[in-house]
Amino acid sequence: MGLQHYFSRDEDKRAKFVFNLIAPVYGLIDKAIGKEYKKVAKIINAEIPLQNKSILDVGTGTGSWLVALHSHRPSRAIGIDFSEKMLRQAKQNHPQLGFQLTDGENLNCFSDSSFDIVTASFVLHGMKKDKRILLLKEMKRVSKKYVIIHDFYGKTHFIIKILEFFERSDYINFKKNFRKELESIFEETRIIGLKSGNAVFVGENGNASTSSA
């Protein structure tokens, strides 16, 4: 993809260009990101035990988030992304896990209620509202019980603001509206506040079954 895709009105083309471009950088800082993710995964595991659960990570990038969750011994863990270069880094850094090239807005390759937990870390803030809603609905469809979103909440550091500007994300509207968007789709929701302007958003289907797929 050429530089013209960065200026494209097509959100998908723009996003793929940006993430393919920055994939090598994320590959280098994968371990540093992973340390922070492990702290968050520990908090999640205290709320929702991950052992023997099946997990789908949407927009997995270089796989750091999935690896953090995998440390709590789920029965199955799969990461998907639409960036070939991100997945190349993921497979190189974490060959023990399963990754596949798939667009998160269309999870037709997975049947309803395929996973106990469907998750995404710092993915949804990059989308406009209509695409966020589509993705949330798809995540809900393939989840038996939980959808877990790790993303911006509260104050954002000015350096992050600059990075988000160049990524042309929708993080400002995400922070303003995401809680209501989540509540419009899920029967039950809750927010686990974290340090450094992040949070874990949990949406529950209200289904009784939470057994592994």
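So, R0 is 41 Å and r is the distance between the beta-carbons of Asp112 and Ile43; what FRET efficiency does that work out to, to 0.05?
Taking R0 as 41 Å, the efficiency between Asp112 and Ile43 is 0.90.
With a 1.4 Å probe and every protein chain left in place, work out the accessible area per residue of the range 80-131 in Å², rounded to a whole number.
Accessible surface, normalised per residue, equals 47 Å².
I need the peptides 51-57, 132-138, 40-46, 106-112 ranked by packing, meaning the mean over residues of other C-beta atoms within 10 angstrom, with the highest value on top.
Taking the mean over residues of other Cβ atoms within 10 Å, the ranking is 51-57, 132-138, 40-46, 106-112.
Give the calculated FRET efficiency between Ser75 and Asn177 to the nearest 0.05, with a Förster radius of 30 Å applied to their Cβ-Cβ distance.
The pair Ser75/Asn177 has a calculated efficiency of 0.30.
When the chain is fully extended, how far beyond the present Cα-Cα distance does Ser196 get from Glu36, taking 0.36 nm per residue of separation?
Extra length from Ser196 to Glu36 when fully extended: 56.5 nm.
When the chain is fully extended, how far beyond the present Cα-Cα distance does Asn52 get from Gln92, taking 0.36 nm per residue of separation?
11.9 nm
Skipping prolines and chain starts, which residues have an amide H placed within reach, meaning under 5 Å, of the one on His150, given they are 5 or more residues away or on another chain?
Counting only residues 5 or more places away or on other chains, the set is Ala120, Ser121, Phe122, Phe201.
The values are calculated or read from the model by the stated rules, or taken from the named source; none is laboratory data. Quick caveat: nothing in here was measured; it's all calculated off a predicted structure. Counting neighbours? That spans all protein chains shown, and the Cβs are built from the backbone with ideal geometry, glycine included. To get the accessible areas, we keep the full protein, side chains included, count just its heavy atoms, and leave off ligands, DNA and RNA. Shrake-Rupley method; radii C 1.70, N 1.55, O 1.52, S 1.80 Å.
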